[in-house]
Amino acid sequence: MSSVRGKVAVVTGAGSGIGRQLALELARRGARLAVSDVDETGLAETVAQVKALGAEVQGAALDVGDRAAVLDYADTVAAQFGVVHQIYNNAGIAGGGQTVLDAEWELYDRTLAVNLFGVINGTKAFLPHLIDSGDGQVVNVSSLNGFMAQPTLSAYCASKFGVRGFTEALRTEMIAGRHPVRVTVVHPGGGKTGIASAALKEAEARGIEPTAEQRERVRVYNEKLLKMPADQAARIIVDGVEAGKPRVLVGNDAKLVDRLVRLLPRLYPKLIVDFERRRLAR
Ligand SMILES: NC(=O)c1ccc[n+]([C@@H]2O[C@H](COP(=O)([O-])OP(=O)(O)OC[C@H]3O[C@@H](n4cnc5c(N)ncnc54)[C@H](O)[C@@H]3O)[C@@H](O)[C@H]2O)c1
């Protein structure tokens, strides 16, 4: 039996990339949808695409880092639909490009506000509703950087390791309390989305000119590492949810890295630095 058909599912960061494709995949499998994003133009496009599939959908402008807004939003969605079964805390930003030595403090504040507190806000705001549904599901999107660290990604890694820790702790609590809520943490590898380019645009919008090295890094990421189409990533995630998986690794890169860091915990940082030197040199 499908754990998605007829269920009310909330997707954050649904205005593009994996979030949009999650909304479409859930709609195809018969879910009723509440989708949100800070990007209202992208969100409107997602809502139109979901409607074209014949699914019920409500769109809302929402910054997941704005705790009061997320709390209000949870009550609004519960009132609109009468019940909420699933939340996909997907909204995220790249938050990379600078070393710990060079990074401004603001990079950490911003990246953790969206990627970590966004997930905590969404989970905590919706959890009572998910428990009330009697058949709840939390899906928190981390990254392969939720178990593997990389240079110039300290803010992103801190946020995504944090998402993993938060989500796994939540799972233990749902088990201990016998609450009817399954908990899944998702670790995507490189996905073909606009996330890396969005970081450059966002820096420019704040009046910071990205360095040539940062631009080159984004080019290499877009051309060589961010490979899996977002619709494929979304199918793998929803398949994992339907299969009741507590942990979903998306892509062979995520699966490989998962093994690497467990087999070679002391050696892997050196291997990562060597790999990056070779990739960025080409
Ligand atoms: N693409 C990848 O290679 C990859 C790899 C690992 C993990 N992820 C994770 O997958 C998730 C989706 O990323 P994506 O690749 O689809 O990127 P994307 O940039 O295409 O989509 C992210 C969406 O989140 C929205 N967003 C950003 N800040 C927000 C905020 N404060 N509140 C609400 N919405 C906000 C953006 O407007 C955008 O629509 C993120 O959590 C990301 O960290 C992506």
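Rule-based calculations on the coordinates, nothing more; no lab input. Quantities reported herein were computed from a predicted structural model and do not represent experimental measurements. When we count neighbours, we look across all protein chains shown, and the Cβ atoms used for this are built from the backbone with ideal geometry, even at glycine.
Annotations for the structure displayed:
- Degrees, to the nearest 10: 154-176 long Cα axis against longest axis of the chain: 30
- Relative to the longest principal axis of the Cα atoms of the chain, the long axis of helix 17-28 lies at roughly 30 degrees.
- Length added when fully stretched, Thr99-Glu173, from 0.36 nm per residue minus Cα-Cα: 23.1 nm
- Projected over every direction and averaged, the convex hull enclosing the alpha-carbon atoms of segment 128-242 yields 8.7 nm².
- Distance violations [Cα-Cα > 22 Å] among Lys192/Lys255; Lys160/Lys255; Lys224/Lys270; Lys51/Lys227: Lys51/Lys227
- Most fluctuating residue given options Tyr73, Tyr88, Tyr268, as computed from a GNM of the chain linking Cα atoms under 10 Å: Tyr268
- Within the listed set Lys160, Lys192, Lys270, the residue fluctuating most in the Gaussian network model of the chain (springs between alpha-carbon atoms under 10 angstrom) is Lys270.
- With each label modelled as a point 7 angstrom along the Cα→C-beta vector, the Leu260-Ala205 pair spans 3.2 nm.
- Alpha carbon centroid spacing (whole Å) that separates segment 130-179 from segment 197-271: 16
- For segment 8-281, taking the reciprocal of the average inverse distance between every pair of different Cα atoms yields a Kirkwood hydrodynamic radius of 18.9 Å.
- Computed label-point distance, nm, for sites Arg247 and Ile131 using a 7 Å Cα→Cβ extension: 2.6
- To the nearest ten degrees, helix 40-52 and the longest principal axis of the Cα atoms of the chain are 50 degrees apart.
- Sorting 248-254, 95-101, 116-122 by average packing, meaning the other beta carbons within 10 Å per residue, from highest down gives 116-122, 248-254, 95-101.
- Summed residue charge, Cβ within 14 Å of Arg171's Cβ, Lys/Arg positive, Asp/Glu negative: +3
- Amide hydrogen neighbours beyond the local backbone of Ala34, cut-off 5 Å, H modeled: Ala9, Val10, Val11, Gln58
- Taking the convex hull of the alpha carbon positions in segment 1-145 and averaging its projected area over all directions gives 9.0 nm².
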